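Q: I am attaching a structure below and will ask some questions about it afterwards.
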Amino acid sequence: RVVGRLESLSRFAQSSAQSDAGVTMPDLGSDEIGEIARTVAASLRDLSSYHRIVDSVPAVVLLFDDSGRCTYANRHAAAFLQSDPSASGASWEDLWVEEDGSPLQRPSPDVAGRAWTRSEPRRLLVFHTARVELGTSSSLLLTGFDGTAQLEAERATELARQALEASPMPVFILFENGRIEWANDAARSLSDSGKAFHPGFLAAAFEDPFWV
């Protein structure tokens with residue numbers, strides 16, 4: 001009878017740890033085993049609440065053990081990677097590469113960096129790492145966000161800036177108050193050589209007498 005009660009407790013603990021919301025704790029009596037069961041149930045409820053909180057965080061959250069194997073991925077991470085790496089036992093090397101496709105070394109704790117997904121379509125993760133202690137073992141915690149759109153926007157902006165800079169036509173970009181924020185070489189050449197690169201040029205108003 002004792003073995004059967006312990007087996008029931010074990011099944012309950014395993015189901016709860018896997019976030020099976022439908023599982024209920026069996027009635028294991030009021031003796032020492034029952035007390036253990038209630039303590040385990042309370043701890044698992046706390047763990048389940050923690051998992052729900054982390055799962056709802058709108059950021060990529062991953063845990064890697066000392067061998068580099070992924071042991072936890074929240075919902076946002078699974079969506080970003082298009083699969084749950086903790087379910088497949090994927091390693092760091094299975095998931096991340098440099099932008100050119102070369103291997104990306106597993107980072108140390110407390111560093112910020114960038115990683116590209118190995119799988120297509122390639123996406124950029126901007127991340128930070130930390131070392132966390134879980135029971136008797138330690139893990140590498142990685143948190144980050146999808147930086148793909150931001151990087152593409154930065155590159156598009158830089159290409160546009162280069163195109164405007166190379167234009168033979170004068171180009172001015174103004175603040176709302178009419179002050180000059182940026183001007184290309186052709187625009188700067190409209191003033192005489194003494195003023196063309198004067199520090200005050202970019203703070204000038206469009207109406208200031210650089211030309212008449």
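Q: For a quick check of understanding: with a 1.4 angstrom probe and all protein chains in place, what accessible area in square angstrom does VAL61 have, to the nearest ten?
A: 20
Q: Another question, then. What is the spin-label model distance, in nm, from ASP84 to GLU133 if the labels are put 7 Å beyond Cα along the C-beta direction?
A: In this crude spin-label approximation the distance works out to 2.9 nm.
Q: Please state, as a whole number in µm²/s, the translational diffusion coefficient that the Stokes-Einstein equation yields for the range 109-181 at 37 °C and 0.692 mPa s, with Rh defined as the Kirkwood radius across alpha carbon pairs.
A: Numbers: Rh = 16.1 Å.
Stokes-Einstein gives a translational diffusion coefficient of 204 µm²/s.
Q: Next up: Looking at the range 52-186, I'd like the Rg to Rh ratio, where Rg is from alpha-carbon atoms and Rh is Kirkwood's inverse mean 1/r.
A: On the way: Rg = 20.2 Å, Rh = 17.2 Å.
Result for the range 52-186 is an Rg/Rh of 1.17.
The values are calculated or read from the model by the stated rules, or taken from the named source; none is laboratory data. Keep in mind that this is a model prediction, so the values were computed, not measured. So basically every Cβ, Gly included, is an ideal-geometry build from the backbone, and we count neighbours across all protein chains shown. All accessible areas refer to the heavy atoms of the entire protein, side chains included, with ligands and DNA or RNA removed. Shrake-Rupley method; radii C 1.70, N 1.55, O 1.52, S 1.80 Å.
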